[in-house]
Amino acid sequence: MLAGATSPRELIRAGRAMFDRWPNRWPNRCAVCHAGTRGAAARICNDCLTRFAPNVPRCERCALQRPDGVTVCGSCLRNPPPWSRAVVACDYAYPWDGLLNALKFHDAIDLAAPLAQRLALALQRRTPSPPAELLLPVPLAAARLRERGYNQAALLGRQLARRLGLRTEPQWLLRTSDTPHQTALPRAARLTNLRGAFAVEPLALAALRDRHVALVDDVMTTGATAAELTRVLYAAGAASVQVWVVARTPD
């Protein structure tokens, strides 16, 4: 056990600190094909990135795959989401679904760096306008955070902020109620499930006003969580809200 770590949660935090401090000193194997790599940011080898993370055209509003040349899909023209733009790195399919599941539920915190790197590359290809100046990870309910020991969106936000030279504030968004898991609910129920589930930290309201922000999360399915948080942020005075997500469930 790492020095000073006296519980599983403290061990996770100590390990996370070590990876953050020395991200390129750890020999690894690719998390997909198990070929040898080096460094936390190289946990997915170039061959697997080329094979499983192709650059595909996506709608700028919902981030679903669309034919080349389609900037905004017909669905978003008819019923635009509340955020201004969405950027994702890949579809929620093999191998990304397994890697995100490992990060989210199985303490694979070393995967936060390469997954954030994929999102950073997607952002470089699709430069958002206006540019975001503040990253806000999607929050977890307090009980779920205590159970898991970390918020995977906050880990991704920290890695992404480091790569892009931006500021991240994982405490500014609050989950005020522990709602049932979204994955078990149909789309209409997801929207109802999240009503009133989020708030902005009162001490952050003044600093948030007139800021261009980006929500950071691991997966977007229907967009219900992002939509509710976007409405909360606009009500708090944010100038614009984008959604930056590692993986998008295919249409």
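The values are calculated or read from the model by the stated rules, or taken from the named source; none is laboratory data. Everything quoted here is computed from the prediction, not taken from an experiment. Cβ placement follows ideal geometry from the backbone for every residue including glycine, while neighbour counts extend to all protein chains displayed. Side chains included, ligands, DNA and RNA excluded: accessible areas come from the protein's heavy atoms. Shrake-Rupley method; radii C 1.70, N 1.55, O 1.52, S 1.80 Å.
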Subject >> Residue under evaluation Glu60, criteria (1) within 20 Å of Ala214 (Cα to Cα); (2) open to solvent by less than 50 Å² (accessible area, probe 1.4 Å), criterion not met >> reply: (2)
Subject >> Criterion (more than 30 Å from Asp47 (Cβ to Cβ) and either at pLDDT 90 or above or surrounded by 15 or more Cβ atoms within 10 Å (Cβ to Cβ) (or both)) met by exactly one of Leu140, Leu155, Leu164 >> reply: Leu140
Original post:
Regarding Ala93, is this residue in contact (Cβ under 8 Å) with a residue 60 or more places away in the chain, open to solvent by 10 Å² or more (accessible area, probe 1.4 Å) and either β-branched (Val, Ile, Thr) or within 26 Å of Cys30 (Cβ to Cβ) (or both)?
Top reply: yes
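Got a sec? Which of Arg51, Arg85, Arg78 is on the phi < 0 side of the Ramachandran plot, basic (Lys, Arg), in contact (Cβ under 8 Å) with a residue 12 or more places away in the chain and out of contact with any Lys or Arg (no Cβ under 6 Å at 6 or more places or on another chain)?
On inspection, the qualifying residue turns out to be Arg85.
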Subject >> Scan of region 231-251 for residues that are touching a residue at least 24 places away in the same chain (Cβ under 8 Å) and surrounded by fewer than 23 Cβ atoms within 10 Å (Cβ to Cβ), ordered by number >> reply: Arg231, Val232, Tyr234, Ala236, Gly237, Ala238, Ala239, Ser240, Thr249, Pro250, Asp251
